[in-house]
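Here the structure is laid out as structure tokens; the discussion comes afterwards.
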Amino acid sequence: MRKIGSIILVSFLLIGNMAFAQNKAISITKADLKKVGTSIAPSQIGEPVGSVKLYEPRWIEATETTSAYAVVEGSIFPVDPQGWPINFRVLLPASWTQHAMQAGGGGMNGTITVREGRNPLINKGFALYGSDSGHQAGGMGFGGAQQKPLASGPTPGDEWAMNDEAIKNMGYMQMKKTHDAAMVIMERLYGKRPAYNYYVGTSHGGLEALTVAQRYPKDYNGIIANVPIVNFSSLMLAPELIRIQEIPAKNWVTPAKVNAIRAEFLRQCDALDGLSDGIINNYMAARAIFNVNDGIGPKDPWAALRAPNNTDPDPSDKSASAKLTDEQIKTMEFEYSNYKFATPLANGVKSFGMWLPTIEPDGFGMIDGRRYKGQEGAAENAPMHNFMGTLGVTGFLMQDIKANPLDYVEGGKWNDRRKLLSEWLDSTNPDLSTFYKNGGKMILTIGTMDNIASPGAQLDYYQSLLDKMGRPTIDKFARLYVVPQAGHGLSGRSYKMNGEGKPVEVKNIPSPNGDDNMDMLVNWVEKKQAPAKTLMVDTKGRISPKQQGAGYLLCSYPNYPKYVGGPADQVSSYVSAEK
């Protein structure tokens with residue numbers, strides 16, 4: 001999960017015409033930097049820390065594009081003397097509108113999420129802050145430039161992944177520690193804390209956004225969580241679970257089968273929204289068909305692809321009419337059905353949602369043409385499987401970064417550790433009542449073709465919110481939007497063939513505009529203007545409540561855009577439907 005969320009997050013920092021609440025601006029000058037100090041007392045931080053060091057603050061003069069601002073950087077040192085520090089940065093505008101925003105990370109984090117340079121939020125009077133989450137990757141920081149850590153841990157490699165304090169920092173504590181340090185700095189410099197504080201995150205940052213709503217609900221007025229990694233401990237394990245399922249060679253689904261699998265998904269799911277156009281809009285019905293563990297869909301959704309007499313007539317057949325053996329179909333059932341845990345994890349969660357039928361069954365390593373160490377038929381010199389999140393399996397879970405992740409056994413010797421990690425890393429608590437009662441507002445958006453995250457897990461979390469708090473209450477403070485057939489960047493496309501096997505025009509599904517998304521949240525928090533539950537996204541990604549013109553409907557879970565007649569590219573040809 002490295003290098004993903006921080007890139008996508010950029011769009012959510014380019015804010016357009018916000019309607020801020022009228023707060024008197026507070027001005028500072030370079031001379032005020034002496035107020036910052038050189039340290040923060042550990043007692044002022046809401047989670048345990050060893051010490052907090054502040055470095056020499058810097059003043060950035062105004063340019064033609066950016067207002068003047070101060071830069072304050074610091075390091076929060078761990079309680080564990082063998083642990084890793086949290087490096088953080090706060091950008092403080094010369095004219096502060098009493099707004100602040102914490103920027104979420106991406107991937108496995110490791111670099112500070114806010115950087116110096118042109119930033120429209122500074123011009124809007126926002127103080128910005130973020131951290132490296134408590135370990136140092138030494139890679140690309142937010143903004144795209146090489147970033148040297150302010151302070152480093154005892155080793156430069158991946159050993160941090162075996163340090164419990166570093167894991168807990170990444171999972172939840174770094175958000176609170178960074179928040180509290182930033183609040184102290186703002187209070188010292190401006191004389192008060194922000195009137196409005198926001199958290200904006202995508203991917204791992206979306207997970208962090210959910211985490212602060214669940215663990216620190218009184219610290220934030222508004223939250224944006226895009227494509228959140230809800231069940232982080234299980235998502236890291238999921239790619240390994242697929243390769244473990246394929247340890248027997250007979251279970252291996254090869255790339256030759258991709259076209260047949262995609263065609264079958266489209267054949268059964270494309271027209272569920274009323275239009276056969278290469279877009280699977282009705283994601284709930286599609287999921288119900290291929291999730292063989294929910295007791296809802298057909299007994300054998302893969303019947304049309306089963307090889308006669310369980311013998312594949314042509315293993316190299318790449319056509320849409322290729323066949324799969326019973327063992328290969330078991331692997332497909334594994335990928336598209338809830339994965340049941342040996343014992344419940346944090347918040348009583350009993351399964352991981354896995355993935356939904358899409359036009360990219362091979363997306364992001366779901367289908368792999370290689371064999372790895374520990375798999376039947378692998379070469380003697382075959383590499384160990386290494387994928388996004390593998391470090392969380394070998395380091396966090398197995399506590400040996402050189403271990404083979406395919407040695408994991410569900411319910412085996414790592415089960416107690418698995419439950420502990422779930423408590424630290426998963427943001428699955430459906431009780432957001434404190435956040436709601438404190439006046440907090442939240443916008444969550446996911447895409448159903450997101451092979452990097454797990455749309456199944458995200459939808460299950462959405463449902464748990466409704467089950468716990470009820471739709472009437474959820475509607476008062478949260479919006480749960482779903483972009484059908486969109487990937488991790490919340491954009492997607494149709495396929496060139498429809499469910500009838502006929503060629504169709506390929507259409508783009510643009511990502512909802514980040515400026516508009518933030519505008520909606522600010523207006524909701526500060527002007528009590530709630531966004532509509534059903535919105536329009538036009539061909540450029542701009543969000544509007546008008547629902548007319550070219551684009552698509554952005555519906556709230558569990559609704560989807562249902563075609564009712566008219567030009568297929570016009571929003572007015574669709575309604576928001578639940579079934």
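The values are calculated or read from the model by the stated rules, or taken from the named source; none is laboratory data. None of these values were measured; they are calculated from a predicted model. Cβ: placed from backbone, ideal geometry, glycine included. Neighbour counts: every protein chain shown. Surface accessibility is based on the protein's heavy atoms, side chains included, excluding ligands, DNA and RNA. Shrake-Rupley method; radii C 1.70, N 1.55, O 1.52, S 1.80 Å.
Points worth noting:
Each row is one residue, and each column tells you yes or no for (1) open to solvent by 20 Å² or more (accessible area, probe 1.4 Å); (2) over 17 Å from Ile223 (Cα atoms); (3) within 23 Å of the chain's Cα centre (by Cα).
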| position | (1), (2), (3) |
| --- | --- |
| Asn508 | yes, yes, yes |
| Asn513 | yes, no, yes |
| Leu521 | no, no, yes |
| Gly541 | no, yes, yes |
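- Checking every residue in the stretch 476-483 against the condition of being open to solvent by 60 Å² or more (accessible area, probe 1.4 Å), on the phi < 0 side of the Ramachandran plot and assigned to a helix (DSSP H, G or I) gives at least one match.
- Qualifying residue in the stretch 489-505 (condition: assigned to a helix (DSSP H, G or I), at pLDDT 95 or above and under 27 Å from Asn221 (Cβ atoms)): no
- Subset of the stretch 521-566 [over 15 Å from Val483 (Cβ atoms) and either among the aliphatic types (A, V, I, L, M) or part of a helix (DSSP H, G or I) (or both)]: Leu521, Val522, Asn523, Trp524, Val525, Glu526, Lys527, Ala530, Ala532, Ala550, Val564
- Test result for Lys168, assigned to a helix (DSSP H, G or I) and of a type in the set (Lys, Arg): yes
- Only one of the numbered conditions (1) within 29 Å of Gly157 (Cβ to Cβ); (2) free of Cβ contacts under 8 Å to residues at least 40 places away in the same chain is violated by Pro57, and that is (1).
- Ile401 passes every criterion in (1) open to solvent by less than 10 Å² (accessible area, probe 1.4 Å); (2) of a type in the set (A, V, I, L, M); (3) in contact with a Gly (Cβ under 6 Å, 6 or more places away or on another chain) apart from (1).
- The residues of the stretch 345-354 that are in a loop (DSSP other than H, G, I, E, B) and touching a residue at least 12 places away in the same chain (Cβ under 8 Å), listed by number, are Leu345, Val349, Gly353, Met354.
- Counted residues, the stretch 28-45 - those being within 26 Å of Pro93 (Cβ to Cβ), open to solvent by 50 Å² or more (accessible area, probe 1.4 Å) and either without any contact (Cβ under 8 Å) to a residue 60 or more places away in the chain or part of a loop (DSSP other than H, G, I, E, B) (or both): 6
- Yes/no for Met101 being under 20 Å from Val212 (Cβ atoms), of a type in the set (A, V, I, L, M) and in contact with a His (Cβ under 8 Å, 6 or more places away or on another chain): no
- Residue list for the stretch 419-468, filter: of a type in the set (D, E, K, R) and either closer than 20 Å to Ala285 by Cα or surrounded by fewer than 19 Cβ atoms within 10 Å (Cβ to Cβ) (or both): Lys419, Glu423, Asp431, Lys437, Asp450, Asp460, Asp467, Lys468
- Residue in the stretch 259-270 that is among the small types (Gly, Ala, Ser), closer than 30 Å to Lys507 by Cβ, open to solvent by 10 Å² or more (accessible area, probe 1.4 Å) and assigned to a helix (DSSP H, G or I) present: yes
- The criterion of being β-branched (Val, Ile, Thr), in contact (Cβ under 8 Å) with a residue 60 or more places away in the chain and closer than 22 Å to Met354 by Cα does not hold for Val409.
- Residue in the stretch 132-139 that is closer than 27 Å to Ala457 by Cβ, hydrophobic (A, V, I, L, M, F, W, C) and modelled with pLDDT of 95 or more present: no
- Residue count for the stretch 340-354, restricted to those that are open to solvent by less than 10 Å² (accessible area, probe 1.4 Å) and over 19 Å from Ile446 (Cα atoms): 1
- Among the candidates Pro361, Pro301, Pro357, residue that is in a loop (DSSP other than H, G, I, E, B), in contact with a Cys (Cβ under 9 Å, 6 or more places away or on another chain) and surrounded by 20 or more Cβ atoms within 10 Å (Cβ to Cβ): Pro357
- If you check Lys218, Lys176 for being part of a loop (DSSP other than H, G, I, E, B), open to solvent by 10 Å² or more (accessible area, probe 1.4 Å) and basic (Lys, Arg), only one passes: Lys218.
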